[in-house]
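Input: a single structure, listed below in C-alpha cells.
We did not get these values from a lab; they are worked out from the coordinates using the rules stated. Values in this document were obtained by computation on a predicted structure and should not be read as measured data. A quick note on method: Cβ atoms are made from the backbone with ideal geometry, for glycine too, and the neighbour counts reach across all protein chains shown.
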Amino acid sequence: MRVLSLALVLILGCVGSVYAGYRVVQGEGRAAIAGSDIASARKAALAEALYDAAGKLQTKVRGFSVQSASGMFREESSALVEGRFKGYHIVREERQGAAFMVSIEAIGEDDQNSCEGKRVDIDVRHIGVRVAPGLQGHIVQSVNEGLSRASSVLEQGVSFRISDQRWLPKLRGAERFGASDNDYYSQLMGEIPSAAGYSLSGTIVVERERRDNLIANVTDVSITISLKLRDNFSGAHVADIVKRVKFADRRSIFGMDEAFISQPKVNIEPLFDEVRIELERILACRPLRAMVLEAKGGNLLLSVGQEHGVAAGDYFLVTLPGSKTNGWQIVRIDDVDVKRSSGKALKPSPVVPGKSLAILMR
Amino acid sequence: MRAIGYATVSIQPGRSTAQKQLNAIRAAKLAAMRELAEKLYGANVAGQASVAEGRIVNDLLRSEVEGLIRGARVVSIQPVRNDVYQAELEIAAEEVYALRSRGRPVFQ
C-alpha cells in the first residue's frame with residue numbers, strides 16, 4: 001500500500017505547479033531483511049526514505065485521546081504525508097545488522113514558494129511611438145515626455161528591477177549566447193542584458209477617435225500602450241500588456257462654426273503605473289532565475305546578487321536538460337555581491353557548464 | 001521547537017524483532033509529531049468530572065489536535081529501555097514562524 005502511495009506521490013511530481021518552489025530534503029529509511037532477501041529490503045528502505053523525505057515537505061497530523069474514569073487511556077494519531085519530488089539521489093546505503101538502511105537527498109516541490117523577497121530583472125527595450133497625422137503637437141510632446149519618465153514609474157515595482165535599455169532594438173533571441181550586436185553595444189555601455197530575466201518592448205499608438213452623433217461632432221484622443229513581455233532565456237512570449245486611455249479633444253455642434261477644443265493635458269504616467277501593477281501580478285510569484293556566468297570546478301558565479309534578494313546560504317537548483325535521469329545539481333551560495341553571487345556545487349556530479357540556468361529554491 | 005515521542009516494541013505488528021523495532025520507531029516519530037502539532041497549534045481539550053459524596057464518580061478527559069507539520073527534523077532515535085523507543089523531532093524557528101503565520105489548517 002505504501003509503495004502504491006509513493007508511486008502516486010512520484011506521479012504527482014510530474015504534474016507539479018509551474019511556479020512551485022523547490023527545497024532540498026533528506027530522507028532516511030530502514031527495512032528489516034527477511035531471510036537473505038537484501039534486494040527487497042533495499043527497495044522497502046528506499047520507499048521508506050522517500051516517505052520520510054515527503055513527510056518533511058508536508059505532513060498533516062491528527063490526534064485524538066480520551067482518558068476515562070476508570071483510568072483507561074486511549075490515544076490515536078494519524079499522519080498524512082503529501083510531497084512531490086523533482087528527483088532524488090541516494091547518499092548512503094548499507095546493511096545494518098538485520099536491517100538495510102538507505103539515505104537519500106531529494107528535490108521537493110514546495111507549494112509555499114515565496115512571492116516576496118526576490119526581484120527578477122526586466123530589460124525595458126525599444127518602445128516605439130506611432131502618432132496619427134494631424135494631431136496637435138503638444139499631445140505628441142506629452143507622450144514623448146511621459147515615455148521618458150516610464151522607467152522611473154516602473155522602477156517602483158517591488159518584485160522586479162528595471163534596466164532601461166530603450167535605445168536597444170527589440171530582442172532577437174540570441175542574447176544569452178553573447179553573440180548578438182545588442183550584447184556588444186550593451187556591454188560597451190555597461191548594461192548587460194539579463195539573460196535569465198525578462199524584456200519588455202512594444203509600441204504606444206496615439207490616434208484620434210470620432211464618436212459623432214446626430215447633432216454633435218465628438219472627437220477624442222486615444223492612447224494605447226501595447227507591450228510584450230518576453231523570457232530572455234528562452235525567447236518565449238510571456239504576456240501581452242495592453243492599456244488604453246482616452247482624452248476629450250474636440251466638441252462642436254453640426255452647423256455651427258464654434259467648437260470647444262479642450263486642449264487635453266495628456267499624461268501617460270498613470271498608464272505605466274497600470275503596466276507596473278500588471279507586471280507585479282505576472283512576475284511576483286515566479287521563481288528567481290540566474291545564469292551561470294562562470295563554472296570552474298565546483299565553483300559557480302551566478303548573475304544575481306543582493307539587488308535580486310539573494311543572500312548567503314540560499315540554494316539554487318540547476319537542471320541540465322538533455323542529460324540522463326537526475327541531471328540536476330544544487331548550488332549553495334557562499335558570497336553575495338550587489339549583482340553577482342558565487343557558490344559551490346554540492347554534488348560531485350553532474351558538472352554544471354557555463355550559461356546554465358539556475359533557479360532559487362525559496 | 002522540539003518534541004519527544006515514545007513507542008513500545010513488543011506491541012507492534014511484525015514477524016521479526018527487527019520489523020517490530022522499525023514499526024516502534026515509526027510510531028515514536030508519529031507521537032513526537034503529534035506533540036509538535038500540539039505545541040504549534042494547541043489542542044481542543046474537553047473534560048468532565050463528577051463528584052458524589054466527596055468521591056470522584058466520573059472523570060473524562062478528551063483532547064484533539066490537528067495540524068500541518070513541515071520540515072520536521074529527526075534529532076535522535078534511540079532505545080530508552082529494552083522494549084521502548086524514543087524519537088526526538090525538531091522544527092527550525094523560521095519554519096515554526098512560517099507555519100504559525102499560515103494559521104491553523106482546516107482539513108476535509
Number of partner chain Cβ atoms within 10 Å, mean per residue of B:66-76: 5
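Among residues other than A:Asp240 whose Cβ falls under 11 Å from its Cβ, what is the net charge (Lys/Arg +1, Asp/Glu -1)? Spell out each step's value before the answer.
On the way: positive: A:Lys228, A:Arg230, A:Lys243; negative: A:Glu278.
Surrounding charge for A:Asp240 is +2.
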Loop GluC sites (Glu not before Pro), region A:64-142 (other Cβ atoms within 10 Å of the site Cβ: 12 or fewer; DSSP): A:Glu116
Angstrom value of the Kirkwood radius, inverse mean 1/r, which spans all Cα pairs in region B:2-102: 15.6 Å
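Given C-alpha coordinates of region A:206-358, what is the ratio Rg to Rh with the Kirkwood estimate of Rh? Each step should come with its number before you reach the end.
On the way: Rg = 26.1 Å, Rh = 19.9 Å.
Across region A:206-358, the Cα-based Rg/Rh ratio is 1.32.
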Inter-part distance where region A:124-161 and region A:267-343 are each reduced to a Cα centre, Å: 29 Å
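First measure r as the distance between the Cβ atoms of A:Gln67 and A:Asp231, then evaluate 1/(1 + (r/R0)^6) with R0 = 41 Å and state the FRET efficiency to the nearest 0.05. Before the final figure, lay out each step's value.
Numbers: r = 60 Å, r/R0 = 1.46.
E between A:Gln67 and A:Asp231, to the nearest 0.05, is 0.10.
Which of rounded, prolate, oblate describes region A:289-360, given a ≥ b ≥ c as roots of the alpha-carbon gyration tensor eigenvalues and a/c under 1.5 marking rounded, otherwise prolate only if a/b is larger than b/c?
Because a/c hits 1.5 or more and a/b exceeds b/c, region A:289-360 counts as prolate.
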Cα centroid separation - region B:3-36 against region A:201-221, whole Å: 76 Å
FRET E, pair B:Val74, A:Lys43, Förster distance 25 Å, beta-carbon r, rounded to 0.05: 0.70
Spin-label pair B:Ala98/A:Asp273, simplified geometry with 7 Å Cα→Cβ offset, distance in nm: 3.5 nm
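Using the per-residue mean of other Cβ atoms lying within 10 Å as a proxy for protection, in what order, highest first, do the peptides B:26-39, A:336-349 fall? Kindly include the intermediate steps, with their values, before the conclusion.
Values: B:26-39: 22.4, A:336-349: 16.4.
In decreasing order of mean packing, B:26-39, A:336-349 become B:26-39, A:336-349.
Kindly provide the helix-only [θ] at 222 nm of chain B, computed as the sum of -39,500 (n - 2.57) over DSSP H runs of four or more divided by all residues, to the nearest 500 deg cm²/dmol? Walk me through the intermediate numbers first.
Details: 2 runs with 35 residues, N = 108.
So the calculated ellipticity at 222 nm is -11000 deg cm²/dmol.
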Using a Förster distance of 30 Å, the FRET efficiency for A:Ser222-A:Val158 (Cβ separation, nearest 0.05): 0.45
Per DSSP, loop trypsin sites (Lys or Arg not before Pro) in region A:218-301 with at most 15 further Cβ within 10 Å: A:Lys265
